[in-house]
1. Looking at (1) open to solvent by 10 Å² or more (accessible area, probe 1.4 Å); (2) over 29 Å from the mean Cα position of the chain (by Cα), which is the only condition residue A:214 fails?
2. Taking the residues in segment A:281-301 that are within 22 Å of residue A:167 (Cα to Cα) and near RNA strand B (Cβ under 6 Å from one of its atoms) as candidates, determine which candidate is surrounded by the most Cβ atoms within 10 Å (Cβ to Cβ).
3. Within segment A:304-360, work out how many residues are within 15 Å of RNA strand B (Cβ to nearest atom) and not in a loop (DSSP other than H, G, I, E, B).
4. Just a yes or no: is a residue in segment A:204-224 in contact with a Cys (Cβ under 6 Å, 6 or more places away or on another chain), modelled with pLDDT of 90 or more and assigned to a loop (DSSP other than H, G, I, E, B)?
5. Of a type in the set (Ser, Thr, Tyr) and in a helix (DSSP H, G or I) - does that describe any residue in segment A:146-161?
6. For residue A:47, are the conditions met, namely being within 15 Å of RNA strand B (Cβ to nearest atom) and either closer than 30 Å to residue A:264 by Cα or touching a His at 6+ places or on another chain (Cβ under 7 Å) (or both)?
7. Can you tell me which residue in segment A:433-481 is farthest from residue A:343 (Cα to Cα), limited to those that are free of Cβ contacts under 8 Å to residues at least 40 places away in the same chain and polar (S, T, N, Q)?
8. Does segment A:182-193 contain at least one residue that is within 26 Å of residue A:165 (Cβ to Cβ), buried (at least 19 other Cβ atoms within 10 Å of the Cβ) and either of a type in the set (Asp, Glu) or more than 7 Å from RNA strand B (Cβ to nearest atom) (or both)?
Amino acid sequence: MVRTRFAPSPTGYLHLGGLRTALYTYLYARHVGGKFILRIEDTDQEREVPGAIDKIYQSLRLAGLDYDEGPDVGGDYGPYIQTQRRDLYLPYAQKLIENGGAYYCFCTKERLDEARSEKEKKGETYKYDKHCLALTKEEAERRVAAGEPYVIRQNVPLSGKASFDDALYGHVEVDCATLDDNVLIKADGLPTYNFANVVDDHLMAISHVMRGTEYLSSAPKYNLLYESFGWTPPTYLHLPVVMRDATRKLSKRYGDPSFEDLMDKGYLQEAIINFIALLGWSPRSEREFFTLAELIEAFDLEGLSKAPSIFDMDKLTWFNGEYMRKLTPEAFFEKAEPWLQKALDPAKFDLKRVAELLHNRTDVLDQIPEMVDFLSEMPEFPVELYTHKKMKTNPDVALDALKKMRPVMAGIADWTEEGIHAGVMEAIARLGMKNGQALWPLRIAISGKANTPGGAIEIGYLLGKEETLARIDRSIAQLEA
RNA sequence: GACCUCUUGGUCAAGCGGUUAAGACACCGCCCUUUCACGGCGGCUACAGGGGUUCGAAUCCCCUAGAGGUCACCA
């Protein structure tokens, strides 16, 4: 039975690298019909951010990554929050002490810091010197009983190799001599990440662990622990980092967005998931659009990449635009409406029609307000906007055209797009004008912008007859000034 | 510094001993068009470098370079 887990620490928002790890973990589990579990790793009490756990639940739900077991859904292997499991780690550490895989350490922070800085001064790598390993069992137990602060350290052999087989990177092997006797149980009684992981993954019967490459070098050490316990290690698969550029990974510090930031900006959940899935995994075909269900179907370990990949916002935006266009007009309107209302008074404008005009021009929802704000208020604009080479227009042509079109517009009784279209086109033909030479100036005169959603007729309709005529008058005055 | 890992266009990437080295984003043209966008067509740009192995290397091996990761009572 395949059981995978996503095990974030509640230290803030769900960043995109984490989302991708969660996604792949989820996809793998679902693809093979296994279970996907959420576990919260909160053993570092100092770094914990209040509310972060709820953020994780929300983000995962928002992303559609439903988990079979977890703190807020229960399951047979709980609790799923490590601090709620605090008492269960010590006995395992003690078991390790019994068989020589670990030992008590009473060294003070001062002694260790001193030793460390001394080594660093000499440019050497610091390793704990196994000072407390020399203590007899009786001595150590006496000091523990006496209430002396202690930690429990892993007893790494001085020679030999430690290794494991990564499902992506293959066999990874290191000399034990280069490994440090890391702390398993901290002075506060809580396990360290390395230890909690091993114990919990075993207790929760996790079969496959996917996580970032930052853990790749510590993985061989895990196997030593599994060996000491006599447990079978899960299959590990380390995932390359998601980068912001060639040398730095994605990070909040540089303003890189989290999943929620993206959602707030008006990216679609489906687009983000689709894009993220393809960042480091390839279906090995030319297909690039996948729903979550289709990803589950297509996902496999073969398609994973070993090299880090750079998060390309342009491509995400393109994906998002494609997803926008796939929306039905109704669905698009529903999503666009809140953004339209930021710039337009619903009582004054036909928002549905505006949304239709915006539909295939919108890549990201947050672009909407600035695309339509000219409707609420006529912007100041330079007369150079009237100049368009292909339309063969300039301010002089425009003034002439506007003067001709003003009475035509005024005479249109049926102020619908059809009505305006009929009236305007008839006049253009009658006056022997070119479409572009009439319509371009008209659009500029009533919008004040080089680019607008919709042309002169659509904008005229949206503005209403009165406002349209008023804008034409003002623009004529501007040209005559 | 030590150990581990990675390296195909600006970016995502296919390729797994024989290909004109796909495709997508971005960019640049052209077409469509009352603007822009959409759409259509076309273009640009890559196997990090050097040695091997082989009849034949992007594909296998070694070295170099560059980049990343780890070296905590953080995860």
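1. Exception for residue A:214: condition (2).
2. Of everything passing the filter in segment A:281-301, A:282 is surrounded by the most Cβ atoms within 10 Å (Cβ to Cβ).
3. Residues flagged as within 15 Å of RNA strand B (Cβ to nearest atom) and not in a loop (DSSP other than H, G, I, E, B) within segment A:304-360 amount to 28.
4. There is no residue in segment A:204-224 that is in contact with a Cys (Cβ under 6 Å, 6 or more places away or on another chain), modelled with pLDDT of 90 or more and assigned to a loop (DSSP other than H, G, I, E, B).
5. So far as segment A:146-161 goes, no, none of its residues is of a type in the set (Ser, Thr, Tyr) and in a helix (DSSP H, G or I).
6. It is true that residue A:47 is within 15 Å of RNA strand B (Cβ to nearest atom) and either closer than 30 Å to residue A:264 by Cα or touching a His at 6+ places or on another chain (Cβ under 7 Å) (or both).
7. A:435
8. yes
The values are calculated or read from the model by the stated rules, or taken from the named source; none is laboratory data. Model, not experiment: these values are computed from the prediction. Cβ: placed from backbone, ideal geometry, glycine included. Neighbour counts: every protein chain shown. Calculation scope for accessible area: heavy atoms of the full protein, side chains included, ligands and nucleic acids excluded. Shrake-Rupley method; radii C 1.70, N 1.55, O 1.52, S 1.80 Å.
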